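The values are calculated or read from the model by the stated rules, or taken from the named source; none is laboratory data. On a predicted model such as this, the values are computed, not experimentally measured, just so you know. Cβ placement follows ideal geometry from the backbone for every residue including glycine, while neighbour counts extend to all protein chains displayed.
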Amino acid sequence: MAHQSDPGDLLKMADLLTPAAIRAAATLRLADHLGAGTGDVAKLAELTGTRPDLLELLLRHLRAQGVLTCDDDGVYSVTELGERLREDHPESLRGHLTMDGLHGRAALALVNLLHTVRTGEPAHETVFGRGYWETVNEDPDFVEALEQSATGQQLGWGAELILDSYDWSRVGRVVDVGGHSGTILMELLRRHPHLNGTLVDLKNVAEVAGRRFAAAGLADRTEVVVGSFFEPLPAGGDVYLLSAVLADWPDERATAILRRCARAAGPDGKVLLAEVNLRVPREIPESAALELWLRATMPAPVRSVEQLKALAAAAGLRLVWEGPATSVRSILEFSPC
């Protein structure tokens, strides 16, 4: 006999309230406050800057979901399930779920996934009025999240290719365009004492990078420039590095970024494109979910090497060296034509 599905299952799958309630709890640090012994609604509202009547509704809903419990005196506490919303939990999910965190903010754009499916464009701007990177790099609320993300940050997405396959011995100054919090540039400078570096990025990450360079004893060999790669870039670099930048932009904007690098490099400089290809193998069970998340966040997570070469040619760049490619990263060197 065929299994009869419950129409209520589909409604539960489509529920938006419970995910929003859990993310609100993470953002308000409710589990931390409750774990510290603040279980009274009025005191909790004062600590979190919320309305007591609406906060109580939120708490009651979280109780119904098994995240919280409540005693006969109306004092709330965290269940075993809710413990992972605590900042100090060894397997904490708070940083991943909080709405003022890097992952949480990106995920919120999924409420307009329909826009991405229809147009191929990221959904963030349609929900929040501006793009994801502009938001996290200009809004001061995200500085703490960026600092935490940078702490102990390791090279990812095959970035070792930049360090191991390119001849840095002939480079005096590298300009890391869109270098985020400086992880790649820091490692380059550590491995090559002769090398100096300039990092260009928007306000929040540029400031985080500057503090990291100083803490690592690299301040005398680095310069941090707050700016956009859609504006004129600092001249005088030997190599202009673009690492995992173009995936965040459609072809027209990606070409504009490359053109800015070409102009700054001048006839004697080089543009080193170390781009990611984030295609998720279909055999991975959650491949569709991962790709949908990526496409809702960035417009072009998947570009072939040939497509990258075409973008560079359109920006007035000539290929002079092609390095090895992995499943997630390629590296190409160009000269301005």
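Listed values, structure above:
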read-out	value
Check on residue 67, farther than 15 Å from residue 82 by Cα and either β-branched (Val, Ile, Thr) or at pLDDT below 95 (or both)	no
Boolean, residue 26 is in contact (Cβ under 8 Å) with a residue 60 or more places away in the chain, in contact with a helix residue (DSSP H, G or I) (Cβ under 6 Å, 6 or more places away or on another chain) and not hydroxyl-bearing (Ser, Thr, Tyr)	yes
Conditions (1) at pLDDT 95 or above; (2) buried (at least 16 other Cβ atoms within 10 Å of the Cβ); number of the one not met by residue 313	(2)
Residues satisfying the stated conditions in the range 188-215, i.e. at pLDDT below 95, touching a helix residue (DSSP H, G or I) at 6+ places or on another chain (Cβ under 6 Å) and either among the acidic types (Asp, Glu) or not in a helix (DSSP H, G or I) (or both)	202
Positions within the range 57-84 being part of a loop (DSSP other than H, G, I, E, B) and either touching a helix residue (DSSP H, G or I) at 6+ places or on another chain (Cβ under 9 Å) or small (Gly, Ala, Ser) (or both), in sequence order	65, 66, 67, 74, 75, 79
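Table: residues versus (1) basic (Lys, Arg); (2) free of Cβ contacts under 8 Å to residues at least 40 places away in the same chain; (3) touching a Pro at 6+ places or on another chain (Cβ under 6 Å); (4) not assigned by TED's automatic domain parsing to the domain that holds residue 245.
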{"position": "106", "(1), (2), (3), (4)": "no, no, no, yes"}
{"position": "111", "(1), (2), (3), (4)": "no, no, no, yes"}
{"position": "120", "(1), (2), (3), (4)": "no, no, no, yes"}
{"position": "129", "(1), (2), (3), (4)": "no, yes, no, yes"}
{"position": "132", "(1), (2), (3), (4)": "no, no, no, yes"}
{"position": "142", "(1), (2), (3), (4)": "no, no, no, yes"}
{"position": "172", "(1), (2), (3), (4)": "no, no, no, no"}
